[in-house]
Structure formats: C-alpha cells, structure tokens
Amino acid sequence: MSSDTQPVSIREARNRILAEIGDGVTLVAASKRQPDDRIDAALEAGQRVFGENRVQEAQQRWAGRQDNLEGLELRLIGPLQTNKAEDAVRLFGVIETLDREKLLRALVKAVEKTGVAPPDLLIQVNTGDEPQKGGVSVAGLTELLTATRDTYPGRLIGLMCIPPAEEPAAPHFALLKSLADAHDLAEVSMGMSGDYALAARLGATHVRVGTALFGARAS
Ligand SMILES: *Cc1c(COP(=O)(O)O)cnc(C)c1O
C-alpha cells in the first residue's frame, strides 16, 4: 500500500494520539520500516521524538535529516548488539534497551572511546519473563541497575517494557511503573499502537507508537 492511500493523515493521527495521552506523556514515533515521505510528514506535523529499532536503518534515515532539525531526539528502542555500541552512542540521545552487563560495559567503553556526550539510558525489563525477548528479568533488575549507576557516565533515567503479545498489558504496565517508582527512575516507556492510552493512564511517560501514527509498515 502506498502512503498516499492512508485513510487519515499523519498529522490528524498524531493530534488524536496526543489528545489521548495528555500533556505529561511524550509520543515517541516508532519509525521502523516506514517510508521517507511518512517520516517527513511526521516532521512537518511537529514530531521531534523518534524511536528506532536498528542502528543501521536509523543511520541511513537520519544522516541527511539530522542537521537542521531543532529539538530532534532519537531513541533506540530495539535490541542492541555490543559491536554496534559505538555507532549507537554517536547517533542516539537515549538508549531504551539496556538489558545486560555485557552491553553496559560496551556502552561505557564506547562513550570513552568516542568522546561523545553519553546517551541517557533506560533498562528494558522482560516483565513477562519470555525467553525469546530482550530485557533483564525482574529478578535481575536491581543488580543491573546498581552496576549501571556505578559505572555509566551518563544518566540512567528510566525503564522500558514490551508486554507479551498474548496477555493483557495492564499488569505489565503497572509492574513497570511500580519498579520505576521503587528505584527512583523518572521515565517509564510503555504502550504501543494497541494500548498507548492504557499505558498513559497507568503511568507511562513515553509511549512508542508506529502503525497508529504512520500506517502499516512495509514488510
Ligand atoms: C515497532 C515497535 C513499536 C511500535 O509498534 P506499533 O504496534 O507499530 O505501534 C514500539 N516499541 C517497539 C520496541 C517496537 O519495536
């Protein structure tokens, strides 16, 4: 489907989502596998916070756009391989998917080596304990959190989760919010196209929305 057959404009979709989530919540535009014209339409509508899943796709998308965009914030919301850590700290202002000490060490090293301003970090929590999914287990959170606060030069600012697709999301959202509160972390990144309004009600500070904003992705 080409993007000019979208039923509503990206501007309208964005306004509707912003109205639903309210003032205190930031809309992160999840732009993976979306064509350029939709990214441009979102930018024209005023969107400045984007979530990217892959380092390479993000580099290609933002290399030509980044410079003249006041207020642009790029957030990595997909899994990060340690060998991409340097590219990631160069490109992203926020990395939402820290989930293991090996990656933490790679990020510390990447910041040292590149000399860039260290990105802020969120820890991804695997609230459903799904073996195939990224994220630290709830049981392992405190240890990773302590290690991050001890060694990482930037700021650890929040938690992120992707609830299991086949379960009600509300208990996962409530759990993530309570973990963030317990550890004094301000940002709570949760909620996607199907449940961003629920996430906002349950304490999200950031919702990551793709298809409800842009339309269906290229497969
Ligand atoms: C793709 C993606 C989203 C957005 O998904 P939609 O259902 O299209 O809104 C949010 N978070 C992460 C981590 C994603 O990979």
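The values are calculated or read from the model by the stated rules, or taken from the named source; none is laboratory data. Predicted model only: the values in this text are computed from it and were never measured. With ideal geometry, Cβ positions are generated from the backbone for all residues, glycine too; neighbour counts draw on all protein chains shown. Ligands, DNA and RNA are stripped out before the accessible areas are found, and what is left, the full protein with its side chains, is counted by its heavy atoms. Shrake-Rupley method; radii C 1.70, N 1.55, O 1.52, S 1.80 Å.
Condition (residue is free of Cβ contacts under 8 Å to residues at least 24 places away in the same chain, more than 27 Å from A110 (Cα to Cα) and touching a strand residue (DSSP E or B) at 6+ places or on another chain (Cβ under 8 Å)) applied to segment 128-140: is it met by at least one residue? Looking for residues that are free of Cβ contacts under 8 Å to residues at least 24 places away in the same chain, more than 27 Å from A110 (Cα to Cα) and touching a strand residue (DSSP E or B) at 6+ places or on another chain (Cβ under 8 Å), one finds none in segment 128-140, hence no.
For first residues located in segment 11-33 and closer than 11 Å to A200 by Cα, partners that are of a type in the set (A, V, I, L, M, F, W, C) and in a loop (DSSP other than H, G, I, E, B) and lie 6+ apart or on another chain with Cβ distances below 7 Å form the pairs V25/A204. Evaluation of L103 against the conditions (1) touching a residue at least 24 places away in the same chain (Cβ under 8 Å); (2) within 21 Å of E187 (Cβ to Cβ) shows that the sole unmet condition is (1). Checking every residue in segment 168-181 against the condition of being away from the ligand (no atom under 16 Å from the Cβ), open to solvent by less than 20 Å² (accessible area, probe 1.4 Å) and in a loop (DSSP other than H, G, I, E, B) gives zero matches. All conditions in (1) within 30 Å of R100 (Cβ to Cβ); (2) at pLDDT 95 or above; (3) polar (S, T, N, Q); (4) open to solvent by less than 70 Å² (accessible area, probe 1.4 Å) hold for Q56, with the sole exception of (4). In segment 139-161, the qualifying residues are those that are within 18 Å of A186 (Cα to Cα) and β-branched (V, I, T), and the one that is least open to solvent (accessible area, probe 1.4 Å) is T148.
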